[in-house]
Amino acid sequence: MTHRPDTPLLDTVDVPADLRKLKPGQLRQFADELRDEVISAVSVTGGHLGAGLGVVELTTAIHYVFNTPEDRLVWDVGHQCYPHKILTGRRDRIRTLRQGGGLSGFTKRSESEYDAFGAAHSSTSISAALGFAVANKLTDRPGKGIAVIGDGAMSAGMAYEAMNNAEQAGNRLVVILNDNDMSIAPPVGGLSAYLARAVSSSEYLGLRSLAKRLASKIHRRVYNAAEKAEEFARGMATGGTLFEELGFYYVGPIDGHNLDHLIPVLENVRDSDQGPILVHVVTKKGKGYAPAEASADKYHGVAKFDVVTGKQDKGKGGGPPAYQNVFGETLAKLADSDDRICAITAAMPSGTGVDKFNQAHPDRAFDVGIAEQHAVTFAAGLAAQGMRPFCAIYSTFLQRAYDQVVHDVAIQNLPVRFAIDRAGLVGADGATHAGSFDLAYLCTLPNFVVMAPSDEAELVHMTKTCVEHDSGPIAVRYPRGNGTGVALPEVPEVLEIGKGRIVRQGKKVAILSLGTRLAEALKAADTLDAKGLSTTVADLRFAKPLDEALIRKLLTSHEVCVTVEEAAVGGFGAHVLTMASDAGLIDAGLKLRTMRLPDIFQDQDNPDKQYADAGLDAAGIVDTVLKALRHNSTAVGEAGAIA
Ligand SMILES: Cc1ncc(C[n+]2csc(CCOP(=O)(O)OP(=O)(O)O)c2C)c(N)n1
Ligand SMILES: CC(=O)[C@@H](O)[C@H](O)COP(=O)(O)O
Ligand SMILES: [Mg+2]
């Protein structure tokens, strides 16, 4: 921690208007205090640390120079917004980050007027900032749209869609590219090489030469041919060409930790009558905190930690394996004897377990950057050419590639395998990251097989089943976190497609479980049995195709039936209900309830509480059965909702 003069400036600044009362020479001290506050806060909350540390000076400079909130500031991904939150009236609540009822870990419109746009999924900022800019231009209101986007987020196609349309905004749009040469993992692809050239080809421009260039470029209305050629040549060297060809004035690269550079450059940008302008700043992820700077992932996402040592409180070691690693290691083993198997991740190698596959088969592991749409259609191409591709994408991020899933995979009936991690509740990342909708959005598609394992052993079998399924697309969805501790099978088996299994036989009540809520369903059966309500529990394994024979048998031989899934309405339960209705079972007075996640819920760091709030724990299942027996209709989804 840096030595601090007696009067902390941070205590004198609640919102940006207070910051703007400081003299430029005080901003260095202010930024150092802000950095220390971020480190202190995240040490007790956990969350995203490295990205925020990398933008402490940038956050200070933006709020100092621009007239926020009138100038609409949009953070991309939004995981780096903690300094911004402290600086915009939320310092008193910053230690409630990512907790039930606390501050969101990302920007959130409902939280503050300074959070112009919600974020958490990457590469949306330029589009949103352009919207703000054009709206102000059309209505002749003051205020720019300012997007702060990282080099990782700049690898997604949506950023280029926005830049391709940006010229209309003129000087109302400012894009600040925060280039720290990191995504969650090291960045990949041509863009990162391009930016690396820009940064390495010229020491960060000295203020004088940069100011001269800026002046000549921004205030000059037309180029003559020679200068255009010279600019093109220089652009190739300094990384501007790509952006300039898209209609931006490119400024940079500049040192994103040097306030003496940042402030005058941003003032010039603010006052320019030309635009749109892209300012390329170079920063370090984890800047100013040695443990973060030294770590491979720059402390992208951290548990609570000791500030002095940086040691994270990750709980006792050992315990059941994480689902992502069970998937990655199983697929790597299966690929030892099948060179058609390959694995694709969209910038999430460790989170999806593809890093484990990559260790064994680097030539068949692909990190495509934050490019889920490309990942899916790339996999479709691989499948069409006889490979066995696995697209390993979080449920929530797969939403971004839905048309590719429909148009390039389902309708063409191509055998792409989808390993869908973070399916269901995800804890502190909250509603933007919950894997609520994959069952709804996949089970409605033609040709798809959709599976959900009840534990890690089942995931091993389902991974094998995916490998052997060449007749069309197949998906396996499983939750964030660790398994149940069940022994992993030595020999992965191919499961019969569309077949479920009864794991406990009873008479009066039937619980039809899909996925890892099975453990809670079995606990609920114990409670119901103790109340004299003999309960059958079935693990349906497949949300599509349904095991209609088993379901019909269960629905016609029990008084009350309940479906349980860790997904929003429209998934497994909805399809069982449709099947029961089509079979005339509802007309015959069947008591069937579908238990599922509420459509939206608040950020919550305690998954057990999140399940309880959603009614998807044993108590919730028992409650639903008892209400159904008493003929009360339970709208569990609504009852469980805590929005
Ligand atoms: C559509 C989408 N895919 C994946 C992610 C997961 N993700 C969160 S942050 C991040 C890396 C972002 O890199 P960059 O924009 O360079 O920001 P930095 O962390 O380096 O500041 C990724 C891949 C996401 N948030 N959204
Ligand atoms: C900001 C972002 O989108 C990722 O960092 C995400 O929070 C990772 O989620 P997991 O921690 O579940 O891998
Ligand atoms: Mg980055």
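The values are calculated or read from the model by the stated rules, or taken from the named source; none is laboratory data. This structure is a prediction, so every number in the text was calculated from the model and none was measured. We place every Cβ from the backbone using ideal geometry, glycine too, and count neighbours over all the protein chains shown.
Couple of notes before you dig in:
- Leading residue by the ranking (surrounded by the fewest Cβ atoms within 10 Å (Cβ to Cβ)) among those in the range 404-414 that are touching a residue at least 12 places away in the same chain (Cβ under 8 Å) and farther than 23 Å from Pro349 by Cα: Ile411
- From the options Arg400, Arg417, residue that is within 16 Å of ligand 2 (Cβ to nearest atom), under 30 Å from Gly573 (Cβ atoms) and crowded, with 21+ Cβ neighbours inside 10 Å: Arg400
- Scanning the range 150-176 for residues that are over 21 Å from Asn67 (Cβ atoms) and either not in a helix (DSSP H, G or I) or not aliphatic (A, V, I, L, M) (or both) yields Gly150, Asp151, Gly152, Ser155, Ala156, Gly157, Tyr160, Glu161, Asn164, Asn165, Glu167, Gln168.
- Single match in Ser454, Ser513 (criterion: outside the structural domain of Val569 (by TED's automatic domain parsing) and away from ligand 3 (no atom under 16 Å from the Cβ)): Ser454
- Residue count, the range 127-149 (criterion: part of a helix (DSSP H, G or I) and under 22 Å from Lys284 (Cα atoms)): 0
- Residues in the range 309-367 that are in a loop (DSSP other than H, G, I, E, B), touching a helix residue (DSSP H, G or I) at 6+ places or on another chain (Cβ under 7 Å) and more than 16 Å from ligand 3 (Cβ to nearest atom): Gly310, Pro320, Pro321, Asp338, Gly353, His361.
- Exactly one residue among Ala428, Ala457, Ala440 is within 16 Å of ligand 1 (Cβ to nearest atom) and part of a helix (DSSP H, G or I), and that residue is Ala428.
- Restricting the range 177-196 to residues that are near ligand 3 (Cβ under 10 Å from one of its atoms) and part of a loop (DSSP other than H, G, I, E, B), the residue that is farthest from Asp71 (Cα to Cα) is Pro186.
- Subset of the range 98-112 [more than 16 Å from ligand 1 (Cβ to nearest atom) and within 15 Å of Ser43 (Cβ to Cβ)]: Gln99
- Looking across Leu58, Leu87, one residue alone is within 12 Å of ligand 1 (Cβ to nearest atom), more than 20 Å from the chain's Cα centre (by Cα), buried (at least 23 other Cβ atoms within 10 Å of the Cβ) and not basic (Lys, Arg). It is Leu58.
- Tallying residues that are surrounded by 13 or more Cβ atoms within 10 Å (Cβ to Cβ) and on the phi > 0 side of the Ramachandran plot within the range 473-501 yields 2.
- Residue within the range 186-194 that is away from ligand 1 (no atom under 14 Å from the Cβ), in contact (Cβ under 8 Å) with a residue 12 or more places away in the chain and touching a strand residue (DSSP E or B) at 6+ places or on another chain (Cβ under 7 Å) present: no
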